[in-house]
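Input: a single structure, listed below in structure tokens.
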């Protein structure tokens, strides 16, 4: 790996001569994910903020590829063919333990085993800012916020009456992306509407010896609408989103399938009412999300290892969310946040297959049979002294219609040493509810309890706007009990979900950025030490799968002129452990995935005040690496386009 690192750094030095464009925005921003509007310099928790300028500087990337560059994140699928399953590992936590938010509203897909929301459904070109709040956040956001939350804040109204927006790009694997939109304000009515289309021929998802392996492509559509209107202290907003994509998939690791397809559709509708005064704010949010997934494996081509000649599966889910919360400045140094939220979810599932034994149809699950509800109340009190010492204490009471009641809490002492430097500590609990699949599927168990985590964060933040310097260093320690796992059985249904395992992860993540005028530097490092106790009785420990102990991201940018800008970044990923089923030995085996380095380059040229041309080159050294044993990754790729505003 170190020989490869030396080679990459040599390339970086050469490319630096031509590099420009900032990757890191050092301008003070106001964050909303803490549910109390705060300046970035006032934050007393571990947080990463990706502003509009950072997103634009990474034009040509998707959501997963941008998040992969942040400290603590490993996203399996970011380097695979477009439309692949995106598995988010944040600070070593399992996929499904980082809650996805859009405009502060939790999003789930209850038909998934882990109930996690599909990142393929999020259009990065429609996002204004991304706020990543790390550590256990169940007090603020309830279930699934075990390792943190990712809040995607969408673009809203424009400043003028009519502001057109557009983007078109094309590149490797016959990938084409086109977006058109309008935003503005008419007679006090703010609006934003956009439509985006993406098509890609892709690559074969699975590694295969077949000389005629099929390329697994993607065809996606994304339509969004935001409306807002102010009435004095009140601001009303409504939104609607239609997102869907069709993708070709393969039958598994090393198994190419030429006629296996998937289609995922998501419909969202909701709104908000905000009442804002100088010392008090009230916020009401509601959202309804419907997701339908379809998987069809046609019988035109049947892999040699396939059990069925034909299969068709459907998964449907609906999530409803409503929340009312307020924050109140009781004094200049004392703030109270309190709120209530309600969630309702259901799912449906069907499966049909045809094999040499004849047709088989699984017992369908209906939405009326799988509905659950969840109600919570929460409060947080934050006070600080004039000396800079402060303390936030918070708690949530949660009531679940299946397993009952539970509490979560956090305590957050901090010391604001000066306007640039803050040290903090956060200790508390977070939780994850059993998913509907784990409760109601043929392998379900209605006696499941929620998974509970104890989280500790200790860190410091340094932000000197004058010097253009940012630094954040955090030590984290997370223990999870009652992990839900699938346990094999010797009789029908031959398996069931049970609370059994434990997980322990400790580590460090660090971020640093330095602005030197036309030159800017940024980097982050993540260290993970973790294990899973597979059997609580004999304390059998196994390594974390697909998560490296060491991960480094380095970036450099330099403004050549007022028009030309570029940014170079290098990703170094250490060795990981993976497991796979060996059909020859009929057993699960362990494999070590080699470390690798990726070098990427983004060049932008401001054609006019309104138009910017960009070129995004990924994996320019054409590094061959593996995310999951048996699945391909993209080689060297390029995406070239032009953006309006």
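The values are calculated or read from the model by the stated rules, or taken from the named source; none is laboratory data. Worth saying up front: this structure is predicted, and the values here are computed from it rather than measured. Every residue, glycine among them, receives a Cβ derived from its backbone with ideal geometry; neighbour counts consider all protein chains shown.
Can you find a residue in the range 183-199 that is in contact with a strand residue (DSSP E or B) (Cβ under 8 Å, 6 or more places away or on another chain) and free of Cβ contacts under 8 Å to residues at least 24 places away in the same chain?
Within the range 183-199, none of the residues are in contact with a strand residue (DSSP E or B) (Cβ under 8 Å, 6 or more places away or on another chain) and free of Cβ contacts under 8 Å to residues at least 24 places away in the same chain.
Given (1) in contact with a strand residue (DSSP E or B) (Cβ under 7 Å, 6 or more places away or on another chain); (2) more than 26 Å from residue 119 (Cβ to Cβ); (3) assigned to a loop (DSSP other than H, G, I, E, B); (4) touching a residue at least 24 places away in the same chain (Cβ under 8 Å), where does residue 257 come up short, assuming only one miss?
(2)
Only one residue in 61, 107, 121, 133 is closer than 27 Å to residue 636 by Cβ, touching a strand residue (DSSP E or B) at 6+ places or on another chain (Cβ under 9 Å) and touching a residue at least 60 places away in the same chain (Cβ under 8 Å), so which one is that?
61
Going by the conditions given, is residue 604 assigned to a strand (DSSP E or B), at pLDDT 95 or above and more than 30 Å from residue 180 (Cβ to Cβ)?
It is false that residue 604 is assigned to a strand (DSSP E or B), at pLDDT 95 or above and more than 30 Å from residue 180 (Cβ to Cβ).
Any idea how many residues of the range 127-164 are crowded, with 23+ Cβ neighbours inside 10 Å and modelled with pLDDT under 95?
0
Cβ contacts < 6 Å: first residue touching a residue at least 60 places away in the same chain (Cβ under 8 Å), restricted to the range 303-321; second residue buried (at least 16 other Cβ atoms within 10 Å of the Cβ) and not in a strand (DSSP E or B), any location; separation 6+ or different chain. Result?
Partner pairs satisfying both residue conditions: 315/111; 317/109; 317/110; 317/111; 319/108.
From the set of residues in the range 358-368 that are surrounded by 12 or more Cβ atoms within 10 Å (Cβ to Cβ) and over 30 Å from the mean Cα position of the chain (by Cα), which is farthest from residue 299 (Cα to Cα)?
The qualifying residue farthest from residue 299 (Cα to Cα) is 364.
When residue 117 is evaluated against the numbered criteria (1) touching a helix residue (DSSP H, G or I) at 6+ places or on another chain (Cβ under 7 Å); (2) under 21 Å from residue 285 (Cα atoms); (3) not in a strand (DSSP E or B), which criterion, by number, is the only one it fails?
(1)
Scan the range 546-565 and tell me whether some residue there is under 23 Å from residue 81 (Cβ atoms), surrounded by fewer than 21 Cβ atoms within 10 Å (Cβ to Cβ) and modelled with pLDDT of 95 or more.
Yes: the range 546-565 contains one or more residues that are under 23 Å from residue 81 (Cβ atoms), surrounded by fewer than 21 Cβ atoms within 10 Å (Cβ to Cβ) and modelled with pLDDT of 95 or more.
Of the residues that make up the range 327-344, is at least one closer than 30 Å to residue 263 by Cβ, touching a residue at least 60 places away in the same chain (Cβ under 8 Å) and buried (at least 19 other Cβ atoms within 10 Å of the Cβ)?
Checked the range 327-344: at least one residue is closer than 30 Å to residue 263 by Cβ, touching a residue at least 60 places away in the same chain (Cβ under 8 Å) and buried (at least 19 other Cβ atoms within 10 Å of the Cβ).
Which of the following residues is surrounded by 15 or more Cβ atoms within 10 Å (Cβ to Cβ) and modelled with pLDDT under 95: 376, 387, 425, 353?
353
Can you find a residue in the range 350-361 that is in a strand (DSSP E or B) and either closer than 25 Å to residue 46 by Cα or in contact with a helix residue (DSSP H, G or I) (Cβ under 7 Å, 6 or more places away or on another chain) (or both)?
no
Only one of these is touching a strand residue (DSSP E or B) at 6+ places or on another chain (Cβ under 9 Å), closer than 18 Å to residue 442 by Cα and assigned to a strand (DSSP E or B): 368, 317, 373, 289. Name it.
Step by step, each of 368, 317, 373, 289 is checked, and only 317 is touching a strand residue (DSSP E or B) at 6+ places or on another chain (Cβ under 9 Å), closer than 18 Å to residue 442 by Cα and assigned to a strand (DSSP E or B).
Residue-by-condition table, conditions (1) without any contact (Cβ under 8 Å) to a residue 12 or more places away in the chain; (2) part of a loop (DSSP other than H, G, I, E, B); (3) touching a strand residue (DSSP E or B) at 6+ places or on another chain (Cβ under 6 Å):
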| position | (1), (2), (3) |
| --- | --- |
| 472 | no, no, yes |
| 478 | no, no, yes |
| 483 | no, no, yes |
| 486 | no, no, yes |
| 490 | yes, yes, no |
| 493 | no, yes, no |
| 497 | no, no, yes |
| 501 | no, no, yes |
| 504 | no, no, yes |
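From the residues in the range 166-206 that are outside any strand (DSSP E or B) and modelled with pLDDT of 95 or more, which one is surrounded by the fewest Cβ atoms within 10 Å (Cβ to Cβ)?
By that ranking, first place goes to 174.
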